[in-house]
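> Below is a structure I'd like to ask you about.
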Amino acid sequence: MTDLTDIKNLYKNCMLCPRKCGVNRAIGERGFCVAGANPYVARAALHRWEEPCLSGTNGSGTVFFSGCSLRCVFCQNAEISRGAAGKEIDTARLCDIFLELEEKGAHNINLVSSSHYTPSVIEALDLSRSRGLKIPVVYNSSGYESVNTLRLLEGYIDIYLPDFKYISPVLSEKYSHAKDYSERAKEALAEMVRQQPRAVFDENGIMKKGVIVRHLMLPDCARDSRAVLEYIHKTYGGSVYISIMRQFTPTAELTESHPELFRKITDKEYGRMLDFCDTLGIERGFSQDAGCEEESFIPPFDLEGV
Ligand code: SF4
């Protein structure tokens, strides 16, 4: 557990993520993520479109935080990742939100892109546990994380759910403004697995502890996808689950900025990637059905539950 004395001082010279902006968020300065010193939350509700072991029958208790330290050009949640949506709340309200989601039957608390608010999240989780919160906490992340920040979270997070988006620095620079993405993602994943080395499920198949790594396929990036999957499997074998996602939905602005991304993943491309996973010997994984990109993975950021 983290020493909570002055944890909010971490906002005063912010180094919470690999961008290391060094801004004083407590006096209104803003870094790459555009976040202030109080969390902005755009939605807190049950969500049924996560992996089955997280959504279960009741849904995952997702809390969508505004702002993001990565801000990919193809972001499916751009409305919140660019900081435009959300309401400012304090730690006490965040704690209440966690408890309300548990009361609604959520199988877990699912922190969606909360790394830039880690001090507030730790305070709220501490308070929630003291008030009886029992369900697991999921850390849903872009994978672009600082190991020091992840260490602060040790003992608070039960399930790590990071993306692993790219191996190629050319792609990560082009699409996520982060040439060092794969280096940071590798370090982050190692720390996550150190904290949660073994997957644990209850009798209904609901995950209680562990690591699930997500990889979202992008158009014409199959070679990099194979490199990502190979790295994860060869490094961690069966100790992590791998979720291979085909839900990429091109946004209108990509037609001008990155036209090569303006299409969906085809059945053939996805099938080939699943075949590749079989060849590698990946057994612990999740795949998505055809047509999933048409479903409502992107919820309305209407302040529900905030
Ligand atoms: S959390 Fe935000 S302000 Fe802090 S280092 Fe990262 S991008 Fe910069």
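The values are calculated or read from the model by the stated rules, or taken from the named source; none is laboratory data. Please read these numbers as outputs of a predicted model, since none were measured by experiment. In this analysis, Cβ positions are derived from the backbone assuming ideal geometry, glycine residues included, and neighbour counts consider all displayed protein chains.
> Counting just the residues of the stretch 218-266 that are in contact with a Ser or Thr (Cβ under 7 Å, 6 or more places away or on another chain) and buried (at least 19 other Cβ atoms within 10 Å of the Cβ), which one comes out farthest from residue 192 (Cα to Cα)?
Only one residue tops the list, namely 224.
> Here's a follow-up. Among the helices (runs of 4 or more DSSP H) lying completely within the stretch 199-306, list those that include at least 2 residues that are within 19 Å of residue 164 (Cα to Cα) and either out of contact with any Cys (no Cβ under 8 Å at 6 or more places or on another chain) or of a type in the set (Gly, Ala, Ser) (or both). Walk me through how you get there before you give the answer.
Values: elements: 222-236, 254-257, 267-280.
It comes to 222-236, 267-280.
> Looking at 12, 87 in this structure, which one is in contact (Cβ under 8 Å) with a residue 24 or more places away in the chain and more than 21 Å from residue 185 (Cβ to Cβ)?
On the way: 12 fails: in contact (Cβ under 8 Å) with a residue 24 or more places away in the chain.
Only one candidate qualifies: 87.
> Residue by residue through the stretch 20-55, note down the ones that are within 16 Å of the ligand (Cβ to nearest atom), farther than 17 Å from residue 152 by Cβ and not β-branched (Val, Ile, Thr).
Answer for the stretch 20-55, where residues must be within 16 Å of the ligand (Cβ to nearest atom), farther than 17 Å from residue 152 by Cβ and not β-branched (Val, Ile, Thr): 21, 22, 24, 26, 28, 29, 30, 31, 32, 36, 38, 40.
> Identify the residue in the stretch 1-18 that is crowded, with 20+ Cβ neighbours inside 10 Å and assigned to a loop (DSSP other than H, G, I, E, B) and, among all such residues, is farthest from the ligand (Cβ to nearest atom).
Going through the qualifying residues, I end up with 18.
> Could you tell me which numbered condition residue 138 fails, if it satisfies all but one of (1) in contact with a helix residue (DSSP H, G or I) (Cβ under 7 Å, 6 or more places away or on another chain); (2) within 16 Å of the ligand (Cβ to nearest atom)?
With respect to (1) in contact with a helix residue (DSSP H, G or I) (Cβ under 7 Å, 6 or more places away or on another chain); (2) within 16 Å of the ligand (Cβ to nearest atom), residue 138 is out only on (2).
> If we scan the stretch 71-88, do we find a residue that is under 22 Å from residue 253 (Cβ atoms), of a type in the set (Lys, Arg) and within 12 Å of the ligand (Cβ to nearest atom)?
The answer is yes; a qualifying residue exists.
> Kindly indicate the residue of the stretch 286-306 that is of a type outside the set (Phe, Trp, Tyr) and under 15 Å from residue 46 (Cβ atoms) and also modelled with the lowest pLDDT among those meeting that condition. Don't jump to the end; show me each part of the working.
Going through the stretch 286-306, the residues of a type outside the set (Phe, Trp, Tyr) turn out to be 287-296, 298-300, 302-306.
Now narrow it down to the ones that are under 15 Å from residue 46 (Cβ atoms): 296, 299-300, 302, 304-306.
Working: 296: 53, 299: 81, 300: 84, 302: 88, 304: 92, 305: 94, 306: 96.
Across the stretch 286-306, the extreme among qualifying residues is 296.
> From (1) closer than 19 Å to residue 145 by Cβ; (2) part of a helix (DSSP H, G or I), pick out the condition that doesn't hold for residue 72.
Unmet for residue 72, out of (1) closer than 19 Å to residue 145 by Cβ; (2) part of a helix (DSSP H, G or I): (2).
> Only residues that are charged (D, E, K, R) and outside any helix (DSSP H, G or I): list them for the stretch 102-154, please. Please lay out each step first, then the result.
As a first pass, look at the stretch 102-154 and keep what is charged (D, E, K, R): 102-104, 123, 126, 129, 131, 134, 145, 151, 154.
If the condition is that a residue be charged (D, E, K, R) and outside any helix (DSSP H, G or I), then 104, 131, 134, 145, 154 are the ones that fit.
> Going through 304, 269 one at a time, which residue ends up being of a type in the set (Asp, Glu), in contact (Cβ under 8 Å) with a residue 24 or more places away in the chain and buried (at least 16 other Cβ atoms within 10 Å of the Cβ)?
Only one candidate qualifies: 269.
For every residue, the table says whether it meets (1) outside any helix (DSSP H, G or I); (2) surrounded by 21 or more Cβ atoms within 10 Å (Cβ to Cβ); (3) modelled with pLDDT under 95.
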| position | (1), (2), (3) |
| --- | --- |
| 29 | yes, no, no |
| 50 | yes, yes, yes |
| 57 | yes, no, no |
| 76 | yes, no, yes |
| 80 | no, yes, yes |
| 93 | no, no, no |
| 100 | no, no, no |
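> Do we have residue 106 as more than 14 Å from the ligand (Cβ to nearest atom), in contact with a strand residue (DSSP E or B) (Cβ under 6 Å, 6 or more places away or on another chain), aliphatic (A, V, I, L, M) and within 22 Å of residue 155 (Cβ to Cβ) here? Give the derivation first.
Values: more than 14 Å from the ligand (Cβ to nearest atom): yes; in contact with a strand residue (DSSP E or B) (Cβ under 6 Å, 6 or more places away or on another chain): yes; aliphatic (A, V, I, L, M): yes; within 22 Å of residue 155 (Cβ to Cβ): yes.
The answer is yes for residue 106.
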